[in-house]
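First up is the structure itself, then whatever we jot down about it.
The values are calculated or read from the model by the stated rules, or taken from the named source; none is laboratory data. Everything numeric in this text was worked out from a predicted model, so none of it was measured. Virtual Cβ from ideal backbone geometry, glycine too; neighbours counted across all protein chains shown.
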Amino acid sequence: MRIDLATAPGSQERPNEDWVSASAPAPGGGVLVVLDGVTPPAGGGGCVHGVPWFVARLGGRLTELSGSRRDMPLDRILAEAVRATAEAHGDTCDLSHVRTPQATVVVVRWDEAYVEHLVLSDSVLLLQAPGGGVTAVLDDRLDRVPPEVLRSVAATDALRNAEGGFFTAAADPSVAARAVTGRTPRARVRAVAALTDGASRWTDTFGEGDWAECLAVLRKEGAEGLIGRVRAVESDPARPPARYKRHDDASAVYAEL
């Protein structure tokens, strides 16, 4: 088994709001967790701790439960992790605020029989078959929102964790039911990769290669290699900023099973 991961902040002036972990808690098994914290616009989100604190709490709980409670499906694990994280700061923070700290989520868990996955919001999961074919598992609800709507803070807030909009892990455990989940026989998966949108933009924004080529970069150059490629493209002055950011926090995990 080979696991490679990397994360890089979008700016040295701001903390990295991504969170990445990988563990192998049992022979033949493992867990990957990748979170992309949502940066609140000016005015904050009603929390005295901030997004890095939130993703560390949520990510740690997801990693621990995914490894220790293999009897629980991943959507239930996400619900419990959200509940526990909300409980940890409910006395000090306004969790009803629409911009309370929140994050996109990818969780992958495997054993000798199956590979399970969960994706919530716009981070990306890639599954590679033994023959080399690559399947992207996506929650595309945010992509369905017109770009002009996302330019408005008020309009975006109206769609955040709302019917007809998009969903992220924040303070409501019921959001776990909105996640894209699935299970694949282990024999049909050779490798997996999880990317925050700061890393996946190499494919889905800049079009530098398809998902299979993205996975090939991860296999040959590692997660740092892919992030380095993204930074090189972003630094081209001829290219407009992706999603209104020249550079974003970028994280990637690659695992050969």
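Restricting attention to region 149-160, does a residue exist that is in a strand (DSSP E or B) and within 30 Å of TRP110 (Cβ to Cβ)? No, that holds for no residue. Within region 193-208, if we keep just the residues that are farther than 15 Å from ASP122 by Cα and in contact with a helix residue (DSSP H, G or I) (Cβ under 6 Å, 6 or more places away or on another chain), the residue that is modelled with the lowest pLDDT turns out to be PHE206. If you go through region 54-109 and keep only what is outside any helix (DSSP H, G or I), touching a residue at least 60 places away in the same chain (Cβ under 8 Å) and among the aliphatic types (A, V, I, L, M), you end up with LEU95, VAL98, ALA103, VAL105, VAL106, VAL107, VAL108. Within region 45-53, none of the residues are assigned to a loop (DSSP other than H, G, I, E, B) and under 14 Å from the mean Cα position of the chain (by Cα). For ALA194, the conditions (1) without any contact (Cβ under 8 Å) to a residue 60 or more places away in the chain; (2) in a strand (DSSP E or B) all hold with the exception of (1). Apart from one condition, ALA252 fits all of (1) touching a residue at least 12 places away in the same chain (Cβ under 8 Å); (2) part of a helix (DSSP H, G or I); the exception is (2).
The residues of region 103-122 that are more than 25 Å from ALA171 (Cβ to Cβ) and of a type in the set (A, V, I, L, M, F, W, C), listed by number, are TRP110, ALA113, VAL115.
Hey, could you check region 6-44 for residues that are hydroxyl-bearing (Ser, Thr, Tyr) and touching a helix residue (DSSP H, G or I) at 6+ places or on another chain (Cβ under 9 Å) and say which is nearest to ALA223 (Cα to Cα)?
Taking region 6-44 as the starting set, the residues that turn out to be hydroxyl-bearing (Ser, Thr, Tyr) are 7, 11, 21, 23, 39.
Then drop every residue that is not touching a helix residue (DSSP H, G or I) at 6+ places or on another chain (Cβ under 9 Å), which leaves 7, 21, 23, 39.
Numbers: THR7: 8, SER21: 13, SER23: 16, THR39: 23 Å.
Checking each candidate, the answer is THR7.
Among the residues of region 138-157, at least one is surrounded by 15 or more Cβ atoms within 10 Å (Cβ to Cβ), out of contact with any Phe, Trp or Tyr (no Cβ under 7 Å at 6 or more places or on another chain) and closer than 23 Å to VAL31 by Cα.
Between GLU208, GLU224, GLU163, which is among the charged types (D, E, K, R) and more than 22 Å from THR104 (Cα to Cα)?
On the way: GLU224 fails: more than 22 Å from THR104 (Cα to Cα); GLU163 fails: more than 22 Å from THR104 (Cα to Cα).
Going through GLU208, GLU224, GLU163 in turn, the sole match is GLU208.
Please determine whether any residue of region 172-180 is within 24 Å of ALA193 (Cα to Cα), assigned to a strand (DSSP E or B) and of a type in the set (Lys, Arg). No: region 172-180 contains no residue that is within 24 Å of ALA193 (Cα to Cα), assigned to a strand (DSSP E or B) and of a type in the set (Lys, Arg).
The residue of region 125-134 that is surrounded by the most Cβ atoms within 10 Å (Cβ to Cβ), among those that are more than 17 Å from GLY198 (Cβ to Cβ) and touching a residue at least 24 places away in the same chain (Cβ under 8 Å), is GLN128. Within region 87-105, not a single residue is in contact with a Leu (Cβ under 7 Å, 6 or more places away or on another chain) and among the acidic types (Asp, Glu). Among the candidates ARG229, ARG178, single out the residue that is more than 21 Å from ARG61 (Cα to Cα) and either touching a residue at least 40 places away in the same chain (Cβ under 8 Å) or touching a Phe, Trp or Tyr at 6+ places or on another chain (Cβ under 9 Å) (or both). Just a single option satisfies the conditions, and that option is ARG229.
Among the residues of region 10-19, are any crowded, with 19+ Cβ neighbours inside 10 Å, under 26 Å from LEU257 (Cβ atoms) and not aliphatic (A, V, I, L, M)? I'd like the intermediate steps shown before the answer.
Filtering region 10-19 for residues crowded, with 19+ Cβ neighbours inside 10 Å gives 10, 16-19.
Then drop every residue that is not under 26 Å from LEU257 (Cβ atoms), which leaves 18-19.
Subsequent filtering for residues that are not aliphatic (A, V, I, L, M) retains 18-19.
Yes, that holds for at least one residue.
Taking every residue in region 20-41 that is free of Cβ contacts under 8 Å to residues at least 60 places away in the same chain and more than 17 Å from THR196 (Cα to Cα) and pairing it with any residue that is aliphatic (A, V, I, L, M) and surrounded by fewer than 18 Cβ atoms within 10 Å (Cβ to Cβ), at least 6 positions away or on another chain, the pairs with Cβ-Cβ distances below 8 Å are ALA24/MET1; ALA24/ILE3.
Please verify whether HIS117 is under 30 Å from SER152 (Cβ atoms) and either in contact with a Gly (Cβ under 6 Å, 6 or more places away or on another chain) or in a loop (DSSP other than H, G, I, E, B) (or both), treating the condition exactly as stated.
Details: under 30 Å from SER152 (Cβ atoms): no; either in contact with a Gly (Cβ under 6 Å, 6 or more places away or on another chain) or in a loop (DSSP other than H, G, I, E, B) (or both): yes.
Here the answer is no, as HIS117 does not meet what is asked.
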